[in-house]
Amino acid sequence: MHSTLSFSRATTVPTTNYAFHSQSPINLRFCGLRREAFGISILTRSSSGRVRLSTRGRSKRISASTGNNGTPPKSFDYDLIIIGAGVGGHGAALHAVEKGLKTAIIEGDVVGGTCVNRGCVPSKALLAVSGRMRELQSEHHMKALGLQVSAAGYDRQGVADHANNLASKIRSNLTNSMKVLGVDILTGFGSIVGPQKVKYGKVGFTDNVVTAKDIIIATGSVPFVPKGIEVDGKTVITSDHALKLEFVPDWIAIVGSGYIGLEFSDVYTALGSEVTFIEALDQLMPGFDPEISKLAQRVLINPRKIDYHTGVFATKAFYCLNLSLLQGMESLLLLSLLTPRLRNTKTLWRYVDAALIATGRAPFTNGLGLENINVVTQRGFVPVDERMRVIDANGNLVPHLYCIGDANGKMMLAHAASAQGISVVEQVTGRDHVLNHLSVPAACFTHPEISMVGLTEPQAREKAEKEGFEISVAKTSFKANTKALAENEGEGLAKLIYRPDNGEILGVHIFGLHAADLIHEASNAIALGARVQDIKFAVHAHPTLSEVLDELFKSAKVKAPASTSSPISEPVAAEYRGTSFPSLAIDIDTAAKVGEEIFHVNHGCACSVLAAVFVCEAVVM
């Protein structure tokens, strides 16, 4: 989740997983999954330079060109204008300033977008509370550590304030970071009026028109609500409302068991609620690796006050009198569930106190003025190529126009949006860059956490069968990790999917303590093209959770030998004035460059002149 809401009308998605249709795309509940993995709108380029847009069984060939849709201005107010000041737009703006571009960002709501104000940030504050509550409520866990704690409780308003205060602080930090660097923050709803032209303004006021050499659309997404469900913001809510924690229901139905639903189930059950999952697909946690899903269900769902229905659709939600409990005129929420089975359907009814609609996100692209440049969205998503360049209705690339983040749907993650924005800035400043989305990690911040990067095992096997190679799977348990056992958190699994012939990493999935932090070693390895046989030589501090990944890579069996040419030259040890620095390794040639303001240690990190002086005085062993 990320980016911002910059327009006044909400987006609707005509085709969703709540419509039973053989050609309908699966709604991506787990935002880390690429749409390509489900056969949804894949853009590829052939050797002839033509762009192909394919959706499931049908394909459409389109030609890329740089033809103008109208007349661009001869001079510009800005080098770069970004529509939307969410995490994606913010990341692009900061990188643009670093590259020397005069930059403006247009925001119609508040800086930070969905992630900071209604998503990643406040939800982590609530999950921090739920994690503490679970620990304090677990008598077995406390006893194992030798601790005695009286009954744990919480103040609902205090918890809500913690989430709100965190969002306000991060929003202020993002705003100040742009102001300090000289990014112009233009307030109002932004839309495109023509080539390299954008207008913005507040309702009831005259619009302003500005021009830029390049424009980035970063308008983000909104919660997707299935047809027939009416959200009132009180008892039928989306994640936007749930993050305010205005009340904690005794019993809540969560429609959708992807990462949003899972995280909120963690929060609500820790605060005392009972939860019922309503999942349209035949299994809980669709999109996660099946083996990880199975383990996560055993730990995150089965022991808790959670029941579930799979293969059912929530079709209506309305109030009725709670007469069965003989509590006078008290009203409860009645949820209508449709169960399709072959040609027959069965309607179930569930009484709950509230319903959270967590069925995914929809792109926020209405009101962008795309019709002015002949661009037609695909189920609300702005069509782009692998370089985030926007494609018009005729299949031509729209010159100087890019779209990043949830609005293009390639990967609906805040950090993916930021990475896409940085990639675009690299391109407009003369350096070609294509982001490898398979190297972008994703995480679900439950207790324990779930993280992933790359392909799931079924996706990897499908790819292997298609391309004619074998795959292998390596696993390691948190129960063998000293740090996890010291924390009394040995429940967990790490899984590596790789090619045994050449050591290529296809995917890594982790379920366990701090899984969201551990995944980055794997994601960076994929991004850098590192192979399993080379990573085996990496050294991890002991005892740390990182050794889970160390053991995972060491357990893999690769036929290919380790690389003979390492990018890191062989280091020498150094000692400074009798004080040993066992972790400091310095290249002799680099250390000799005392006159340089910056030098490199192991070709990996830059040090200041002060550090260079230390090295000059060091005794080389």
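The values are calculated or read from the model by the stated rules, or taken from the named source; none is laboratory data. Note that the structure is predicted; figures quoted are calculated from it, not measured. When we count neighbours, we look across all protein chains shown, and the Cβ atoms used for this are built from the backbone with ideal geometry, even at glycine. For accessibility, only protein heavy atoms count, side chains too; no ligands or nucleic acids. Shrake-Rupley method; radii C 1.70, N 1.55, O 1.52, S 1.80 Å.
Would you mind listing how long segment 438-555 runs along its three principal axes, going by Cα atoms, in whole Å with the largest first?
On the principal axes, segment 438-555 reaches 44, 30, 21 Å in Cα extent.
Compute, for residue 134, the solvent-accessible surface of its heavy atoms (probe 1.4 Å) with the complete set of protein chains present, and express it in square angstrom to the nearest 10.
So the heavy atoms of residue 134 present about 50 Å² to solvent.
Any chance you could check the Cα centroid distance between segment 430-462 and segment 466-491 for me, in angstrom?
First find each Cα centre; the distance between them is then 17 Å.
Just read off the accessible area of residue 499 with the full protein assembly in place, 1.4 Å probe, to the nearest 10 Å².
So the heavy atoms of residue 499 present about 40 Å² to solvent.
Using the beta-carbon distance between residue 436 and residue 147 and R0 = 60 Å, what value does 1/(1 + (r/R0)^6) give for FRET efficiency, to the nearest 0.05?
0.85
Under the 0.36 nm per residue contour assumption, what length would be gained going from the current alpha-carbon distance of residue 305 and residue 475 to full extension?
The residue 305-residue 475 span can extend by a further 58.2 nm.
Could you name the aspartates and glutamates in cross-link range of residue 483, using Cα to Cα under 14 Å and dropping any fewer than eight places away on the same chain?
Once the sequence-local aspartates and glutamates are set aside, what remains near residue 483 is 491, 547, 550, 551.
Please list, in order along segment 536-552, the HN-Hα scalar couplings obtained from phi with the Karplus expression 6.51 cos²θ - 1.76 cosθ + 1.60 (θ = phi - 60°), rounded to whole Hz, x for Gly and Pro.
Calculated HN-Hα couplings, in order: 4, 8, 5, 9, 10, 5, 10, x, 9, 5, 4, 5, 4, 6, 4, 5, 4 Hz.
Using a Debye calculation, one point per C-alpha and no hydration shell, please list log10 I(q)/I(0) for segment 390-448 at q = 0.12, 0.22, 0.23, 0.25 Å⁻¹ in order.
The calculated log intensity ratios at q = 0.12, 0.22, 0.23, 0.25 Å⁻¹ are -0.36, -0.96, -1.01, -1.12.
Per 0.36 nm of contour for each residue apart, how much would the distance between residue 137 and residue 554 grow if the chain were fully extended, relative to their Cα-Cα spacing?
Gain in length upon complete extension: 146.4 nm.
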